[in-house]
Amino acid sequence: MNDFVFSQSKQNIMRIDILTLFPEMFNGPFSESMIKRAVDKGIAEIHIHNIRDYSKNKHKRVDDYAYGPGAGMVMTIQPVADCINKLMSERRYDAVIYTTPDGERLEQPRANHLSTLNNLIILCGHYKGVDERIREKYVTMELSIGDYVLTGGELAAMVISDSIIRLIPGVLSDETSALSDSFQNGLLSPPVYTRPAEYDGMKVPDILLCGDDKKIEEWRLEEAIKRTKERRPELLDDDQ
Ligand code: 6GU
């Protein structure tokens with residue numbers, strides 16, 4: 001087995017095991033930026049498992065024709081079950097997530113909840129999906145990242161992992177910044193500006209230069225509400 005491991009430390013940290021047919025896809029995104037920092041700091045561990053390594057088929061096959069008429073390949077049970085069983089014999093998992101367009105849509109409250117857990121498995125769907133019996137026996141949560149179809153569940157697994165890991169305390173340099181994200185208060189974010197105060201005739205709103213933090217916070221909230229009304233009015237309809 002040549003599973004890749006993105007990790008530094010072993011203690012009391014978020015562990016995500018990702019089962020995929022395309023392990024190389026994870027090298028770039030998980031070796032950069034925020035996720036890399038979380039791994040380097042020992043806050044998160046990400047283990048990528050190549051499902052093909054677990055195949056007992058002599059050609060290392062991991063898929064087969066769907067029963068019934070029509071085209072389409074289905075991920076077979078054996079390699080996926082063997083990989084999940086091995087992991088489950090080593091530690092307790094809080095959730096086994098399957099990425100699929102027919103899953104529940106990932107939204108901020110779900111990411112918040114997942115970020116409080118310790119051990120997660122993410123199974124990346126491919127082809128026409130995995131044999132239904134894997135879903136029945138092992139999967140506890142089926143997630144989609146939106147109403148469009150991707151080639152496979154890998155990009156979705158990266159999106160899910162990123163949305164979770166950035167919320168773990170100590171990952172973002174300014175811990176409060178995750179709390180002021182769009183969606184955390186049910187609103188989109190207000191506009192932001194940095195120096196210079198004037199560029200090519202375009203000015204920063206005067207209020208941001210007034211020095212009164214309370215006034216600026218009020219302005220930001222107004223702008224956030226205005227932006228949410230204009231762009232995503234349905235966010236304001238809900239319970240708040
Ligand atoms: Cl989780 N998988 C695939 N293949 N497509 C998707 C998706 C997942 N979420 C949105 N589109």
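Could you go through the range 163-177 and let me know if any residue there is of a type in the set (Lys, Arg), assigned to a helix (DSSP H, G or I) and surrounded by 13 or more Cβ atoms within 10 Å (Cβ to Cβ). Show your work before the answer.
Taking the range 163-177 and keeping what is of a type in the set (Lys, Arg), we get 166.
Checking which are assigned to a helix (DSSP H, G or I) leaves us with none.
There is no residue in the range 163-177 that is of a type in the set (Lys, Arg), assigned to a helix (DSSP H, G or I) and surrounded by 13 or more Cβ atoms within 10 Å (Cβ to Cβ).
Is there a residue in the range 38-55 that is of a type in the set (Lys, Arg) and closer than 17 Å to Ser115 by Cα?
Narrowing the range 38-55 to residues of a type in the set (Lys, Arg): 41, 52.
Going one step further and asking which of them are closer than 17 Å to Ser115 by Cα, we end up with 41.
Checking the range 38-55: at least one residue is of a type in the set (Lys, Arg) and closer than 17 Å to Ser115 by Cα.
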Check: If a residue has to be within 26 Å of the chain's Cα centre (by Cα) and in a helix (DSSP H, G or I) to count, how many in the range 188-236 make the cut?
Finding: 7
Margin query: Restricting to the range 58-103, and then to whatever is within 24 Å of Leu150 (Cβ to Cβ) and of a type in the set (Phe, Trp, Tyr), can you tell me which residue is surrounded by the fewest Cβ atoms within 10 Å (Cβ to Cβ)?
Written below: Tyr65
Notebook entry, point to check: Among all residue pairs at least 6 apart or on different chains, which show Cβ distances below 7 Å where the first residue, located in the range 151-174, is within 12 Å of Met14 (Cβ to Cβ) and the second is among the small types (Gly, Ala, Ser) and within 16 Å of the ligand (Cβ to nearest atom)?
Noted result: Ile164/Ala111; Leu167/Ala111
Margin query: When the residues of the range 96-131 are narrowed to those that are within 14 Å of the ligand (Cβ to nearest atom) and in a loop (DSSP other than H, G, I, E, B), which ends up modelled with the lowest pLDDT?
Written below: Tyr127
Next item on the list: Just need a number here: residues in the range 25-47 that are out of contact with any strand residue (DSSP E or B) (no Cβ under 9 Å at 6 or more places or on another chain) and without any contact (Cβ under 8 Å) to a residue 60 or more places away in the chain.
Entry: 5
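The values are calculated or read from the model by the stated rules, or taken from the named source; none is laboratory data. Please read all numbers here as calculations on a predicted model, not as lab measurements. Neighbour counts run over all protein chains shown; Cβ positions are idealised from the backbone, glycine included.
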